[in-house]
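All remarks here apply to the structure that follows.
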Amino acid sequence: MPSQGSIAGFLRPVAAPNASRKRKAQDLDPSDKENVDTRPKQRKSGNTAKRPSAKSDANKLYKETIKAIDTVTDKLDRQVKSIKHENRWSITTETYAAGIPKHLPAAKKLAELDLKLGFNLMMAMADASHCSDLDATLKMAGEGDSKPVFELLDEALLTLIDRRPSVLPVTTEATKLPEDADVGPFKTGRPNKQQWNQMYAQKLEHEKTRRAARRERRDVAEDWAAVALSDLEEERDYLKDYGVEGYFPSSIAKLQELKGINVEP
């Protein structure tokens, strides 16, 4: 039989495994360093930074791209106003169009994050694909080089139209651009230099206001198809009056189909 001492030892409470690891460092003797758990503490999940949501990413991309488009448009507008009158033909509506296709990758990426924002960005690109004022110079309408750009953008927009659901019609009113700026009578039958600058500045301001209003309307409109069709048709007719052809024909035809509008060939 085991001795009494050995039985007493057997009955002594046994310490829980790894008990020393569970003790706090401040409860240990400073010399007992080997028992201090020196492993790095793990962060609690609640303290980790949250990754931005897809909606947040989409809104950021939309705003950044719109800002980039507006920056270039404003720069070209200022250049048209500042260069000498006889050289103003060096910037045409085709110059504005040429800078838009580079934003197509952003529009495609945005459409994957948020289809509505991707569509609205494409519509904003359509607005910016021509100059702000076709009356700025006699040759502002260019020589037809905008058409390939229109075709490229038209194809991209048509793809997004096919992906969006059709909705019931809602009455909407477009923001109209005043035809003429109020700068007083032309004493010689034509505006002088000061009047021309005033007219150009006012038209630019009107166009910026109109484009901003369009963006806001697209953002809240329930009948996105009717709003988009109205905007595209208005721009097409404006450009056509100056001989600029080929503005988004496929997208316009598709939207007319969605709205049940029969157009004679």
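Every number here is computed from the coordinates shown, using simple stated rules; none is lab data. This is a predicted model, so every value here is computed, not measured. Note that each Cβ is placed from the backbone with ideal geometry, even for glycine, and that neighbours are counted across all protein chains shown.
Going by C-beta contacts inside 10 Å, put VAL227, VAL72 in order with the fewest on the left.
In increasing order of surrounding Cβ atoms, one gets VAL72, VAL227.
In the structure displayed, which of LYS102/LYS259; LYS55/LYS75; LYS75/LYS109; LYS75/LYS254; LYS55/LYS147; LYS75/LYS102 lie more than 28 Å apart, Cα to Cα? Provide the component values of the computation, followed by the final result.
Values: LYS102/LYS259 31 Å; LYS55/LYS75 30 Å; LYS75/LYS109 26 Å; LYS75/LYS254 34 Å; LYS55/LYS147 34 Å; LYS75/LYS102 17 Å.
Correct reply: LYS102/LYS259; LYS55/LYS75; LYS75/LYS254; LYS55/LYS147.
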Residues of region 198-218 with backbone N under 20 Å of the label point set 7 Å from the Cα of ARG164 along Cα→Cβ are 210-218
Put in order of increasing Cβ neighbours within 10 Å, starting from the fewest, ARG214, ARG164, ARG78 give ARG78, ARG164, ARG214
Pseudo-spin-label distance TYR242 to LEU115, built 7 Å along Cα→Cβ, given in nm, is 3.5 nm
